[in-house]
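Reviewing the structure listed below.
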Amino acid sequence: MNPLLVVDDLRVSYPNRDGAYVEVVRGVSFTLGRERLGIVGESGSGKSQTGRAILGLTPPQGRVTAQRLTFDGIDLLTCPPRQRRDLRGDRIAMVLQDPKFSLNPVMKIGDQIVETLQAHERVGNRVARKRALAMLEAVQIDNPERVFGLYPHEVSGGMGQRAMIAMMLIADPDLLIADEPTSALDVTVQLQVLSILDRLVSERGMGLIFVSHDLRLVSSFCDRVLVMYAGRVVEEIATGDLSHARHPYTRGLLECLPRLGGDRHPLPVLNRDPAWAS
Ligand SMILES: Nc1ncnc2c1ncn2[C@@H]1O[C@H](COP(=O)(O)OP(=O)(O)OP(=O)(O)O)[C@@H](O)[C@H]1O
Ligand SMILES: [Mg+2]
């Protein structure tokens with residue numbers, strides 16, 4: 001069977017002030033099946049830019065190239081913009097890093113979910129409403145009827161994030177890219193949201209790319225991890241094998257995880273080697 005997603009030598013660059021293009025994603029390659037892939041790396045390592053390029057949401061001044069970028073056999077680099085738009089939300093969805101920028105502030109949450117569903121499927125208003133409520137319930141919103149009628153600013157951050165996830169999942173995507181979907185949430189809510197995503201991956205056979213800077217979270221939740229550093233993948237490893245990680249950056253990240261019961265004062269500091277970025 002074909003992999004769901006093939007990314008081969010993906011590069012994203014932006015013009016600097018002199019007009020010369022600077023690469024922020026520098027030759028990323030991986031394939032994804034219906035599994036949970038984590039992407040970890042420090043701030044600025046190119047995680048979000050990788051996700052956005054797959055979705056076709058790179059801002060217009062950016063340049064995207066690849067040897068191959070295919071989703072379910074469809075060439076994303078050459079397919080018409082119209083087809084790309086149809087794929088987005090319908091078969092590929094992304095939970096953006098900040099839900100505040102993704103939910104429309106002047107539209108009630110329920111109406112946004114209904115609109116998303118109706119953009120991708122021909123369903124009448126009554127059915128759409130029923131399915132939106134069911135989806136709010138699926139992301140463990142206790143009082144879906146109430147939340148349906150609220151505006152984004154009227155709900156908490158955690159609720160907003162869940163509403164966002166509901167909106168992304170209503171069209172039943174084959175691939176979900178979740179960019180730091182839980183970083184704004186407190187720990188208990190984080191774990192709830194993760195278990196929702198986890199259930200959806202196993203129940204719906206969805207592929208998931210989970211972007212985070214938190215190696216511990218990723219390793220508890222994903223099958224495989226890509227470790228990014230300065231725009232490149234420096235290591236790809238099954239989470240079960242992390243203790244055998246070879247790259248010094250990955251090893252450094254592991255070293256820096258505080259351990260329960262461990263007596264580590266001071267916590268080790270990650271010393272970066274300029275050679276990792278070359
Ligand atoms: N529109 C843009 N123009 C120029 N450079 C950009 C643009 N968007 C992002 N970049 C640069 O691309 C690099 C990678 O950014 P990216 O957002 O992918 O990092 P990240 O790994 O997601 O970091 P974080 O953990 O902070 O979210 C950064 O150096 C950033 O400054
Ligand atoms: Mg990011």
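The values are calculated or read from the model by the stated rules, or taken from the named source; none is laboratory data. For clarity, every value in this text was computed on a predicted model and none was experimentally measured. Every residue, glycine among them, receives a Cβ derived from its backbone with ideal geometry; neighbour counts consider all protein chains shown. These accessible areas exclude ligands, DNA and RNA; they are computed on the full protein's heavy atoms, side chains included. Shrake-Rupley method; radii C 1.70, N 1.55, O 1.52, S 1.80 Å.
With A184, A166, A171 as the choices, which residue is within 16 Å of ligand 2 (Cβ to nearest atom), at pLDDT below 90 and crowded, with 16+ Cβ neighbours inside 10 Å?
Working: A166 fails: within 16 Å of ligand 2 (Cβ to nearest atom); A171 fails: within 16 Å of ligand 2 (Cβ to nearest atom).
After ruling out the rest, the residue left standing is A184.
Y14 meets the conditions (1) over 20 Å from the mean Cα position of the chain (by Cα); (2) away from ligand 2 (no atom under 16 Å from the Cβ); (3) not acidic (D, E) in every case but one. The failed one is (2).
Of all the listed residues (D90, D111, D86), the sole one being open to solvent by 20 Å² or more (accessible area, probe 1.4 Å) and touching a His at 6+ places or on another chain (Cβ under 6 Å) is D90.
Scanning segment 132-145 for residues that are at pLDDT 95 or above and open to solvent by 80 Å² or more (accessible area, probe 1.4 Å) yields a single hit, E145. Residue pairs whose Cβ atoms lie under 8 Å apart, separated by 6 or more positions or on different chains, with the first residue in segment 43-60 and touching a residue at least 12 places away in the same chain (Cβ under 8 Å) and the second of a type in the set (F, W, Y), are S45/Y229; I54/F71. Does any residue in segment 215-235 that is basic (K, R) come within less than 7 Å, Cβ to Cβ, of a residue that is open to solvent by 10 Å² or more (accessible area, probe 1.4 Å) and within 12 Å of ligand 1 (Cβ to nearest atom) six or more places away or on a different chain, and which pairs are these? Here the result reads R232/R26, each pair linking segment 215-235 to a residue that is open to solvent by 10 Å² or more (accessible area, probe 1.4 Å) and within 12 Å of ligand 1 (Cβ to nearest atom). For the residues G51, G27, G62, G41, the requirement of being within 19 Å of W276 (Cα to Cα), near ligand 1 (Cβ under 9 Å from one of its atoms) and either open to solvent by 30 Å² or more (accessible area, probe 1.4 Å) or of a type outside the set (A, V, I, L, M) (or both) singles out G41.
Output the residue which, of all residues in segment 241-278 that are open to solvent by 90 Å² or more (accessible area, probe 1.4 Å) and at pLDDT 80 or above, is farthest from D223 (Cα to Cα). Quick ask: steps written out before the conclusion?
We begin by selecting, within segment 241-278, every residue open to solvent by 90 Å² or more (accessible area, probe 1.4 Å); these are 244, 246, 251, 259-260, 263, 265-266, 269, 271-272, 274, 278.
Next, only the ones that are at pLDDT 80 or above stay: 244, 246, 251, 272, 274.
On the way: H244: 15, R246: 18, R251: 18, R272: 27, P274: 29 Å.
So the residue we want is P274.
Against the condition part of a loop (DSSP other than H, G, I, E, B) and either under 24 Å from Q49 (Cα atoms) or over 16 Å from the mean Cα position of the chain (by Cα) (or both), how does Q192 come out, does it pass? Criteria not met by Q192.
The rows are residues; the columns are (1) touching a Leu at 6+ places or on another chain (Cβ under 6 Å); (2) aliphatic (A, V, I, L, M); (3) within 16 Å of ligand 1 (Cβ to nearest atom).
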| site | (1), (2), (3) |
| --- | --- |
| L103 | no, yes, no |
| T116 | no, no, no |
| A132 | no, yes, no |
| L136 | no, yes, no |
| V139 | no, yes, no |
| R162 | no, no, no |
| M167 | no, yes, no |
| P181 | no, no, yes |
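Tally time: how many residues in segment 199-216 are assigned to a strand (DSSP E or B) and touching an Asp or Glu at 6+ places or on another chain (Cβ under 8 Å)?
3
The single condition among (1) touching a residue at least 40 places away in the same chain (Cβ under 8 Å); (2) surrounded by fewer than 20 Cβ atoms within 10 Å (Cβ to Cβ); (3) within 13 Å of ligand 2 (Cβ to nearest atom) that Y21 does not satisfy is (3).
Whether any residue in segment 5-13 is acidic (D, E) and touching a residue at least 60 places away in the same chain (Cβ under 8 Å) is what I want to check. Yes: one or more hits.
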